[in-house]
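Novice: Take a look at the following structure, please.
The values are calculated or read from the model by the stated rules, or taken from the named source; none is laboratory data. Because the structure is a prediction, the values reported are computed rather than measured. Neighbour counts are summed over all protein chains in view; Cβ atoms, including those assigned to glycine, are modelled from backbone coordinates with ideal geometry.
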Amino acid sequence: MKIDLSARVHYFVGRVRRFQPARVTALARQIAREQNKWMPAVAADMLFSAAFCDTAFIDYYEADFAALSRRERRTFMTSLIQHHIANRLNDADAAEVFADKRRFHRAFAGFTGREWLDLEETGPAELEQFAVRHPVLIAKEPISREGHGVFRYRADEVTDWAAFHAELVAKGQLLVEEAIVQHPYLAEYCPGTVNTTRLVSYFDGTDVHIVSRVQKFGRGAVSDQFSWGGFFTMLDRDGRAVGQGHSGKNNTFYPTHPDSGKSIVDFRVPRWDEAVALIDRAARIVPEVPYVGWDIAMTAEGPVLIEGNWIPGLYETRVTATGIRIGSRPEHEAVMTW
Ligand SMILES: Nc1ncnc2c1ncn2[C@@H]1O[C@H](COP(=O)(O)OP(=O)(O)O)[C@@H](O)[C@H]1O
Ligand SMILES: [Mg+2]
């Protein structure tokens, strides 16, 4: 694996510029407490890993590097490696289709399985008509990531549609979607949030390879992202959970879903083969962007795409949660070069 020198220098300079000693010591203290280690040694190792092993502090924390040997660590993806791959392999202009959720809907019309409106093109009357068909509305900032730009509204709480339309436009929530109704098995886990499956694919021009598989779980909020309290578990090649759930925030682990009590360890994505088949088709639509992290919602009728992320986002196992000491990098390296 080679990351070119300029990317490395750029990354390192950025890290030094943003370097906050208090943050490092706070994180090192947290790791030392959670893993029974000596704080200064953890801090020194974090600094060394950031400087020489392409590992941001937060990646060090989230993948439990303090509990892994150097050889084991090298099987994990880090944010830097992932950014490098995405920038190297994905065409920046073509990636615009993924960056703007409205463009994604247009390009992947056969895959998203839901109605939507662009409020820059439609007025209050059309929005009101839309809401007659869809009593729950999901409004999104079209260019947003990591759950900060997704909101939920109930149509029966809206009295003045002109004012509501103007409010959404003012907030930049220009994309309005019908709410997806998830598969009953997923609703048993958390009925209030659509719990999505994340598959990362690489299209080599002939075949589509799935290089990472994740199931996310929400806590009742509009989104299953971490910023809304969500957590995840890695999946095996049959769509079964690989150990208990976790998030990058702390060492709270989830053998069961904390709200429903359903077993995370025994979770299996329903209609898994259809999700894989969907990605096999979707990943060929924009071949200029061969490395994509897809958000998939499973419904009772089969899988639909929520979005594609041209920088997939980092999901790895945590040895303290699962006992598994190997990351997803070998799976990437088996089918891709970068
Ligand atoms: N149309 C929808 N209906 C129901 N839930 C949705 C819908 N769109 C998104 N969500 C929920 O919000 C989450 C984030 O949506 P997404 O479009 O992927 O935005 P982000 O850029 O924040 O990842 C999804 O993973 C899912 O849990
Ligand atoms: Mg998403």
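Novice: Any residue that is surrounded by fewer than 15 Cβ atoms within 10 Å (Cβ to Cβ) and either touching a Cys at 6+ places or on another chain (Cβ under 7 Å) or not in a loop (DSSP other than H, G, I, E, B) (or both) - is there at least one of those in region 219-231?
Specialist: Yes; the residues of region 219-231 include at least one that is surrounded by fewer than 15 Cβ atoms within 10 Å (Cβ to Cβ) and either touching a Cys at 6+ places or on another chain (Cβ under 7 Å) or not in a loop (DSSP other than H, G, I, E, B) (or both).
Novice: Regarding Ile138, is this residue of a type in the set (Val, Ile, Thr), more than 26 Å from Asp280 (Cβ to Cβ) and surrounded by fewer than 18 Cβ atoms within 10 Å (Cβ to Cβ)?
Specialist: So Ile138 does not fit the description; no.
Novice: Looking at (1) in contact with a helix residue (DSSP H, G or I) (Cβ under 6 Å, 6 or more places away or on another chain); (2) away from ligand 2 (no atom under 15 Å from the Cβ), can you tell me which one Ile326 breaks?
Specialist: Just one mismatch for Ile326, condition (1).
Novice: Then there's this: Which residue pairs have Cβ atoms under 9 Å apart, sit 6 or more places apart or on different chains, and have a first residue in region 301-314 that is within 15 Å of Asn87 (Cα to Cα) and hydrophobic (A, V, I, L, M, F, W, C) and a second that is within 9 Å of ligand 1 (Cβ to nearest atom) and part of a strand (DSSP E or B)?
Specialist: From region 301-314, no pairs qualify.
Novice: Is there a residue being closer than 30 Å to Arg71 by Cβ and touching a residue at least 12 places away in the same chain (Cβ under 8 Å) anywhere in region 269-289?
Specialist: no
Novice: Given the residues Arg268, Arg284, which is the only one that is surrounded by fewer than 22 Cβ atoms within 10 Å (Cβ to Cβ) and either within 16 Å of ligand 2 (Cβ to nearest atom) or farther than 23 Å from Val194 by Cβ (or both)?
Specialist: Being surrounded by fewer than 22 Cβ atoms within 10 Å (Cβ to Cβ) and either within 16 Å of ligand 2 (Cβ to nearest atom) or farther than 23 Å from Val194 by Cβ (or both) holds for just one of Arg268, Arg284, which is Arg284.
Novice: Tell me which residues, restricted to region 185-212, are among the aliphatic types (A, V, I, L, M), part of a strand (DSSP E or B) and within 16 Å of ligand 2 (Cβ to nearest atom).
Specialist: Scanning region 185-212 gives Leu199, Val200.
Novice: Within the group Gln215, Gln182, which residue is part of a loop (DSSP other than H, G, I, E, B) and touching a residue at least 12 places away in the same chain (Cβ under 8 Å)?
Specialist: On inspection, the qualifying residue turns out to be Gln182.
Novice: Is it true that Val176 is buried (at least 20 other Cβ atoms within 10 Å of the Cβ) and within 12 Å of ligand 1 (Cβ to nearest atom)?
Specialist: yes
Novice: Here is a follow-up. Taking region 185-209 as the region of interest, how many residues are away from ligand 1 (no atom under 15 Å from the Cβ), over 23 Å from Arg329 (Cβ atoms) and out of contact with any Ser or Thr (no Cβ under 8 Å at 6 or more places or on another chain)?
Specialist: 1
Novice: Among the numbered conditions (1) within 16 Å of ligand 1 (Cβ to nearest atom); (2) within 25 Å of Glu96 (Cβ to Cβ); (3) assigned to a loop (DSSP other than H, G, I, E, B); (4) at pLDDT 95 or above, tell me where Arg145 comes up short.
Specialist: Arg145 satisfies all of (1) within 16 Å of ligand 1 (Cβ to nearest atom); (2) within 25 Å of Glu96 (Cβ to Cβ); (3) assigned to a loop (DSSP other than H, G, I, E, B); (4) at pLDDT 95 or above except (4).
Novice: Which residue pairs have Cβ atoms under 7 Å apart, sit 6 or more places apart or on different chains, and have a first residue in region 158-176 that is more than 17 Å from His148 (Cα to Cα) and in the same structural domain as Ile143 (by TED's automatic domain parsing) and a second that is in a helix (DSSP H, G or I) and not aliphatic (A, V, I, L, M)?
Specialist: Val158/Phe164; Trp161/Pro124; Trp161/Glu128; Ala162/Pro124; His165/Pro124
Novice: Suppose we filter Phe226, Phe232 for residues that are in contact with a His (Cβ under 9 Å, 6 or more places away or on another chain) and hydrophobic (A, V, I, L, M, F, W, C); which single one remains?
Specialist: Phe232
Novice: Next up: If I go through region 291-313 residue by residue, how many of them are surrounded by 22 or more Cβ atoms within 10 Å (Cβ to Cβ) and assigned to a loop (DSSP other than H, G, I, E, B)?
Specialist: Summing the residues that are surrounded by 22 or more Cβ atoms within 10 Å (Cβ to Cβ) and assigned to a loop (DSSP other than H, G, I, E, B) in region 291-313 gives 2.
Novice: Quick one: Phe164 ticks every box in (1) assigned to a helix (DSSP H, G or I); (2) farther than 21 Å from His257 by Cα; (3) within 13 Å of ligand 1 (Cβ to nearest atom) except a single one, so which number is it?
Specialist: So the condition that Phe164 fails would be (3).
Condition check ((1) within 13 Å of ligand 1 (Cβ to nearest atom); (2) of a type in the set (D, E, K, R); (3) under 27 Å from Ile85 (Cα atoms)) across all residues:
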{"residue": "Lys216", "(1), (2), (3)": "yes, yes, yes"}
{"residue": "Gly229", "(1), (2), (3)": "yes, no, no"}
{"residue": "Ser247", "(1), (2), (3)": "no, no, yes"}
{"residue": "Ser260", "(1), (2), (3)": "no, no, no"}
